[in-house]
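As structure tokens, the structure follows; a few thoughts come after it.
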Amino acid sequence: MMPFERAEVAARQATNAVTQTGNAWDVATDAAGMMMFRTDDGLRAASSAQLRRDADGRLVDTAGGVLQAAGGGDVVVGAGTPTILRDGTILIAGQAVGRIGVFASSGGTMEAMGQIPEEIADPVVRQGFVTPSQVDTATEMVELTRAGRLAETGAKIFQIYDDLAGRVATKLGEIAR
């Protein structure tokens, strides 16, 4: 199971930024909530998702995680264009077909035993929105390049040490004769 990072939750609560996409299957929660996705590795939490319907009618995100419903289980919907209400209720052709589970993002952790945070009674789900990444790609590329160069420097230091140790052993061998 993956931990909720306290800094990530605090940043979301401070900015509460969402971007409108206009896609009917894009959903974002408010800063107090997270959606849960069932994966092969357990449960994963996310504040927004770009969903699609799989062959079995389950709603899955771009990573293949299955969206979890309020009260438990997978969210399964039929064909049609959805309307997603503020409380996470999914309507297809005006009929309620499911409700997205929204869970407290208190900054705690989900334990390996499958412990799930408390479900929010009055969640805020926004259809047609996603929470943008808080990652600055330019900064991350600079840091990645920096880390690569540090690794190269470390490798060169070990090569120099190994070469010097070999030379010392050779000299000691010559002196001992």
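Some observations on this one:
- Residue separation of A176 and A96 scaled by 0.36 nm, minus their Cα-Cα distance, works out to 19.9 nm of gained length.
- Accessible area in the full protein assembly, largest first, 1.4 Å probe, for E140, E119: E140, E119
- P(r) for segment 26-177, from all Cα pairs and a bin width of 10 Å, is 10, 29, 20, 12, 9, 8, 7, 4, 1, 0 %, short bins first.
- Fully extending the segment from A121 to A138 would add 2.2 nm, taking 0.36 nm per residue of separation and subtracting the current Cα-Cα distance.
- Additional length obtainable on full extension of the chain from T39 to A24, 0.36 nm per residue less Cα span: 3.1 nm
The values are calculated or read from the model by the stated rules, or taken from the named source; none is laboratory data. This is a predicted model, so every value here is computed, not measured. Please note that ligands, DNA and RNA were not included when accessible areas were found on the heavy atoms of the full protein model with its side chains. Shrake-Rupley method; radii C 1.70, N 1.55, O 1.52, S 1.80 Å.
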